[in-house]
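The values are calculated or read from the model by the stated rules, or taken from the named source; none is laboratory data. The model shown is predicted, which means the values in this text are computed figures rather than measured ones. When we count neighbours, we look across all protein chains shown, and the Cβ atoms used for this are built from the backbone with ideal geometry, even at glycine.
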Amino acid sequence: MANLVNRFPWIAGVVISAAAALLAWGIHVLIPAIPLLTAAVALGIVVAQIPPARREIVGSLAPGLSVASKRFMRLGIVLLGLKLSLIDIARLGWLTILLVVALVLLTFVGTYWLGRLAKLPHHEPLLIATGFSICGASAIGAMSGAVKAKDSDAATPVALVTLCGTLAIAVLPIFWHPLGFTADQFGHWVGASVHDVGQVVATAQLAGTSSLAIAVVIKLTRVLMLAPMVSIASLAVRQRDLRASSNVEADPAVEAKPARRPPIVPLFVAGFLLAVAIRSFVPLPEAVVSIADIVQTALLAMALFGLGTGVRVKELVSTGWRSLLVGLASWAFIAVLAYFAVVLT
């Protein structure tokens, strides 16, 4: 076993991630109100606060946790496309679709602007904007990989989107009746404003089957926005690198070094779009869809555990108060925008 670990140093971290995903599934089974992926992120955050475990996380487990949080995340995003049917989305009607797209764009731009205004470091404004406007920690992982962000850049956004998404499960149902929503309208509101798919399910199911169905379709419409948003960000990074390369070449005193630029459309995004097309136009057996869903959930659970281990609560509390304010403001912003979207439809 030792020889195997020495030959493949990522094995230990992957095994731990798999065990954590299994534990998260057990927590979800015992307490259905806790989404599996939320439990996986939370486990990673909790484990990372234990000093002996933290030493292993940055030591022997680091290669495997990196594989889980990056490669497994991308594979999980590709399989997530098999949940999306363009036919189901089209049934929402053009007004609803346009409002969902507008909601994502407004939330993204507004949150990014707040992050820049608050002078958040590095890629944090971009990652927080992505997570809150599209699909939570999964979107943060996808965007992080596309723009080559450091793991430390993703840690705070993951913690914030997990916190606010979990709060939504408890808070949004309180406003259901005071806002005068029908069950279907409540589902629309939840799907348009809650971050992670699992958190949407946990919240919307309280209003019944019809509410849940509407919430999931609305949410998956937001998920579809992940592909263009990541591609645009990747293109922006590519253009930035080209400008930097041009500046280096223009300076004879600086030796030019070839830089590996991100592709215009990341491979996993192309895979995600292909999976959406297959789900929309190819009659897949129900067994295939079910197996893909299980594998996708397992991969994302392992990936989100890995992302969660990068969170340092002590540092977040002492230096991350500006990030917390941006996250809470974005959470309230998207809830208000989603309310008006429901009213307009």
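The set of residues from segment 225-238 being in a helix (DSSP H, G or I) and either touching a helix residue (DSSP H, G or I) at 6+ places or on another chain (Cβ under 7 Å) or modelled with pLDDT under 75 (or both) comprises L226, A227, M229, V230, S231, A233, S234, V237, R238.
Checked against the criterion of being surrounded by 24 or more Cβ atoms within 10 Å (Cβ to Cβ) and aliphatic (A, V, I, L, M), the candidates M229, M143 yield just one match: M143. In the set G115, G180, G187, only one residue is modelled with pLDDT of 90 or more and in contact with a Pro (Cβ under 6 Å, 6 or more places away or on another chain); that residue is G115.
All conditions in (1) of a type in the set (A, V, I, L, M, F, W, C); (2) touching a Pro at 6+ places or on another chain (Cβ under 9 Å); (3) surrounded by fewer than 24 Cβ atoms within 10 Å (Cβ to Cβ) hold for A329, with the sole exception of (2). In segment 17-31, the qualifying residues are those that are among the β-branched types (V, I, T) and in a helix (DSSP H, G or I), and the one that is nearest to M302 (Cα to Cα) is I27. Does L92 meet the test of being over 13 Å from the mean Cα position of the chain (by Cα), in a helix (DSSP H, G or I) and of a type in the set (A, V, I, L, M, F, W, C)? Against the criterion (over 13 Å from the mean Cα position of the chain (by Cα), in a helix (DSSP H, G or I) and of a type in the set (A, V, I, L, M, F, W, C)), L92 does not qualify.
The condition (being under 14 Å from F305 (Cα atoms) and over 17 Å from the mean Cα position of the chain (by Cα)) is satisfied by just one residue among A21, A53, A40, A68: A53. The number of residues in segment 218-234 being within 17 Å of S144 (Cβ to Cβ) and β-branched (V, I, T) comes to 3.
Table: residues versus (1) surrounded by 19 or more Cβ atoms within 10 Å (Cβ to Cβ); (2) assigned to a helix (DSSP H, G or I).
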{"site": "L79", "(1), (2)": "yes, yes"}
{"site": "R116", "(1), (2)": "no, yes"}
{"site": "K119", "(1), (2)": "no, no"}
{"site": "I134", "(1), (2)": "yes, yes"}
{"site": "A137", "(1), (2)": "yes, yes"}
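What residue, among those in segment 81-94 that are of a type in the set (D, E, K, R) and within 15 Å of R222 (Cβ to Cβ), is surrounded by the most Cβ atoms within 10 Å (Cβ to Cβ)? Lay out the reasoning, then the answer.
As a first pass, look at segment 81-94 and keep what is of a type in the set (D, E, K, R): 83, 88, 91.
Right, trim to within 15 Å of R222 (Cβ to Cβ) and you get 83, 88.
Values: K83: 19, D88: 16.
By that ranking, first place goes to K83.
Selection over segment 154-181 of residues that are touching a Leu at 6+ places or on another chain (Cβ under 7 Å) and surrounded by fewer than 21 Cβ atoms within 10 Å (Cβ to Cβ) gives a count of 1.
Every residue, every condition in (1) more than 22 Å from F272 (Cβ to Cβ); (2) not small (G, A, S), yes or no:
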| site | (1), (2) |
| --- | --- |
| C135 | no, yes |
| G141 | no, no |
| A149 | no, no |
| S152 | yes, no |
| A168 | yes, no |
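Are any residues in segment 200-211 surrounded by fewer than 21 Cβ atoms within 10 Å (Cβ to Cβ) and either assigned to a helix (DSSP H, G or I) or of a type in the set (V, I, T) (or both), and if so, which ones? Quick ask: steps written out before the conclusion?
Of all residues in segment 200-211, those surrounded by fewer than 21 Cβ atoms within 10 Å (Cβ to Cβ) come to 201, 205-206, 208-210.
Listed by number, the residues that qualify are V201, Q205, L206, T209, S210.
It is to be established whether one or more residues within segment 171-188 are assigned to a helix (DSSP H, G or I), in contact with a helix residue (DSSP H, G or I) (Cβ under 7 Å, 6 or more places away or on another chain) and under 26 Å from L316 (Cα atoms). Yes, segment 171-188 contains a residue that is assigned to a helix (DSSP H, G or I), in contact with a helix residue (DSSP H, G or I) (Cβ under 7 Å, 6 or more places away or on another chain) and under 26 Å from L316 (Cα atoms). Might you check whether a residue that is under 22 Å from A21 (Cβ atoms), assigned to a helix (DSSP H, G or I) and either at pLDDT 85 or above or of a type in the set (D, E) (or both) occurs anywhere in segment 246-253? No, the conditions are met nowhere in segment 246-253.
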